[in-house]
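Enquirer: Let me begin by handing over the structure; questions about it come next.
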Amino acid sequence: MPFENYKNSRILVTGGAGFIGSHLCERLLETGAEVVSADNYFTGSRRNIAHLIANPLFEAVRHDVTFPLYIEVDAIFNLACPASPIHYQRDPVQTTKTSVHGAINMLGLAKRLKARIFQASTSEVYGDPLIHPQTEDYWGNVNPIGIRSCYDEGKRCAETLFFDYWRQHGLPIKVARIFNTYGPRMQPNDGRVVSSFIVQALKGEPITVFGDGGQTRSFCYVDDLVEAITRLMVSAEDVTGPINLGNNSEFTIRELAEKVIKLTGSRSKLEFKPLPQDDPRQRQPDLTKAKAVLNWEPKVALEDGLKETIAYFKHSLELA
C-alpha cells in the first residue's frame, strides 16, 4: 500500500538523535506519527531528543545501523552517519561501514516490511564540482582515495544500493542530496563552518577562515530542510530522486564570518589558515527539481536563521 501520510503511521528515523534527525523526529510527532529513533550516539546526543522522551508516541532505541535491526514500521528515514569532516575522519573505516552496511541493513528491513525508505545522501557526492550550480544529473568530481573519501564514496555507494534495490526488488525509495544545513542542535565542536564561526565569535576568539575565504557555500536552515524531507517521503511513488535539497543563496565563507561577527556583536578578528585537502571551492544546489516535484523552496533568510542558531549556542555556552 502506498505511504501517503504520517498520521497514525509508525516511522523509524536512524540517526534520530542527530542534528537533523532530532528536528525530523519532532516534525513527524507533530503530524501524529509514532516515531522510533535509532541512534548509537557516536555524534548524536540524548540532549537533542530529551524534550521528546515524555511523548508516548516517541521511542528512543540505542542501535548501530551497521548491525541488523528487527522492528515493525511503515516507513524508514535513514539519516545515520557522521556528517562533519572532524567526526567522519575520526574513524573513516567505521564511517564507510555506516554508509554502506547501514544502507544494506535498512534496505533489507524495508524489503521485508515492503516499506518506503528515505536515504539522506549529500552534496558531497559531487566532490569538488566542475559545474556550477550542481544539478542531479552531474556525476561529480570525487577523489576516491582522499581523507574525505570515507564519507563521499560511502554516500555514493549507498545511493547505488538504493537504486539497485529499487530496480531489482521494486522497493519504493526516496534519495535526497542534502546541502549545507545549519540551525539549533548543531554540535559546537563539529568543525562545520557555521557552528565554528558562531562559537568562536561568542567566545571572542579569532574566526578561523580556511584559504582566502573566497570559497562559496549555500546555507539552508534546518526547518526548511525538514519540510522538504517530509514532502519528499510522501511524494508519488515514481519520484525516487536523487533530488537536491538545500538553499541556493550563495555566500562566500568570508561573508559568512563577517555576518556572524556583526550578529553576535563580537570583537573577533579573522584568522586565515591553509585550505584543507579536497575542500570544494564552490557548493550550490540547483533546486529546479525540488521546486517542480515538491513545490518547495527554502524560506528562511540566512540572517534570520543565524539569529536562531546564535541564540541556541549562546544558551548552550552559558550552561557549559
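Enquirer: Looking only at residues that are part of a loop (DSSP other than H, G, I, E, B) and over 13 Å from Ser121 (Cβ atoms) in the range 76-104, which one is modelled with the highest pLDDT?
Expert: This residue is Asp91.
Enquirer: Looking only at the range 235-278, count how many residues are of a type in the set (A, V, I, L, M) and touching a Pro at 6+ places or on another chain (Cβ under 8 Å).
Expert: First, the residues of the range 235-278 that are of a type in the set (A, V, I, L, M): 236, 239, 243, 245, 253, 256-257, 260-261, 263, 270, 275.
Next, from what is left, pick out any that are touching a Pro at 6+ places or on another chain (Cβ under 8 Å): 245, 270.
Number of matching residues: 2.
Enquirer: Right, next: Do you know which residues across the range 128-169 are among the acidic types (Asp, Glu), more than 20 Å from the chain's Cα centre (by Cα) and in a helix (DSSP H, G or I)? Before you say what the answer is, go through the steps one by one.
Expert: So in the range 128-169, the residues among the acidic types (Asp, Glu) come out as 128, 136-137, 152-153, 159, 164.
Next cut, more than 20 Å from the chain's Cα centre (by Cα) only: 137, 164.
The answer is Asp164, and nothing else.
Enquirer: If we scan the range 45-57, do we find a residue that is in a loop (DSSP other than H, G, I, E, B), at pLDDT below 95 and not hydrophobic (A, V, I, L, M, F, W, C)?
Expert: The answer is yes; a qualifying residue exists.
Enquirer: When both residues are 6+ apart or on different chains and their Cβ atoms are under 6 Å apart, which pairs have a first residue that lies in the range 206-235 and is among the small types (Gly, Ala, Ser), and a second that is buried (at least 18 other Cβ atoms within 10 Å of the Cβ) and assigned to a strand (DSSP E or B)?
Expert: Ala228/Leu245
Enquirer: Could you please find all residues in the range 192-215 being open to solvent by 40 Å² or more (accessible area, probe 1.4 Å) and part of a loop (DSSP other than H, G, I, E, B)?
Expert: The answer is Arg192, Gly204, Glu205, Pro206, Asp212.
Enquirer: For the list (1) crowded, with 21+ Cβ neighbours inside 10 Å; (2) within 20 Å of Val100 (Cα to Cα); (3) of a type in the set (Val, Ile, Thr); (4) modelled with pLDDT of 95 or more, I need the number of the one condition that Thr66 fails.
Expert: (1)
Enquirer: Would it be correct to say that Arg116 is more than 17 Å from the chain's Cα centre (by Cα) and open to solvent by less than 30 Å² (accessible area, probe 1.4 Å)? Reasoning before the result, please.
Expert: Working: more than 17 Å from the chain's Cα centre (by Cα): yes; open to solvent by less than 30 Å² (accessible area, probe 1.4 Å): yes.
Yes: the conditions hold for Arg116.
Enquirer: Could I ask something else about it? Under 9 Å between Cβ atoms, at least 6 apart or on separate chains: pull out the pairs that start in the range 89-101 with a residue that is touching a residue at least 12 places away in the same chain (Cβ under 8 Å) and closer than 14 Å to Ile145 by Cα and end on any residue that is open to solvent by 70 Å² or more (accessible area, probe 1.4 Å) and β-branched (Val, Ile, Thr).
Expert: Short answer, once both residue conditions are applied: Gln89/Ile147; Pro92/Ile147.
Enquirer: Can you tell me which residues in the range 236-285 are among the aliphatic types (A, V, I, L, M) and open to solvent by 20 Å² or more (accessible area, probe 1.4 Å)?
Expert: Answer for the range 236-285, where residues must be among the aliphatic types (A, V, I, L, M) and open to solvent by 20 Å² or more (accessible area, probe 1.4 Å): Ala236, Val239, Ile261, Leu263, Leu270, Leu275.
Enquirer: Looking at this structure, is Ile243 modelled with pLDDT under 95 and of a type in the set (Val, Ile, Thr)?
Expert: no
Enquirer: Let me ask something else. Taking the range 37-54 as the search range and keeping residues that are without any contact (Cβ under 8 Å) to a residue 60 or more places away in the chain and β-branched (Val, Ile, Thr), which one is least open to solvent (accessible area, probe 1.4 Å)?
Expert: Top of the filtered list is Ile49.
Enquirer: If a residue has to be over 17 Å from Gln215 (Cβ atoms) and either of a type in the set (S, T, N, Q) or out of contact with any helix residue (DSSP H, G or I) (no Cβ under 6 Å at 6 or more places or on another chain) (or both) to count, how many in the range 106-135 make the cut?
Expert: Adding up the residues that qualify gives 14.
Enquirer: Of (1) open to solvent by less than 10 Å² (accessible area, probe 1.4 Å); (2) assigned to a strand (DSSP E or B); (3) closer than 21 Å to Phe77 by Cβ, Arg177 satisfies all except one. Which?
Expert: (1)
Enquirer: Looking only at the range 151-174, count how many residues are crowded, with 19+ Cβ neighbours inside 10 Å and β-branched (Val, Ile, Thr).
Expert: 1
Enquirer: So which pairs qualify, if the first residue must be in the range 275-302 and closer than 12 Å to Leu245 by Cα, the second must be of a type in the set (D, E, K, R) and in a helix (DSSP H, G or I), the Cβ gap must be under 6 Å, and the two must be at least 6 apart or on different chains?
Expert: Leu294/Arg231; Trp296/Arg231; Glu297/Lys291; Pro298/Asp224
The values are calculated or read from the model by the stated rules, or taken from the named source; none is laboratory data. These numbers come from a predicted model, not from an experiment. Positions of Cβ are generated from backbone atoms using ideal geometry, with glycine treated the same way; all protein chains shown enter the neighbour counts. Side chains are part of the model used for accessible areas, which takes the heavy atoms of the whole protein and leaves out ligands, DNA and RNA. Shrake-Rupley method; radii C 1.70, N 1.55, O 1.52, S 1.80 Å.
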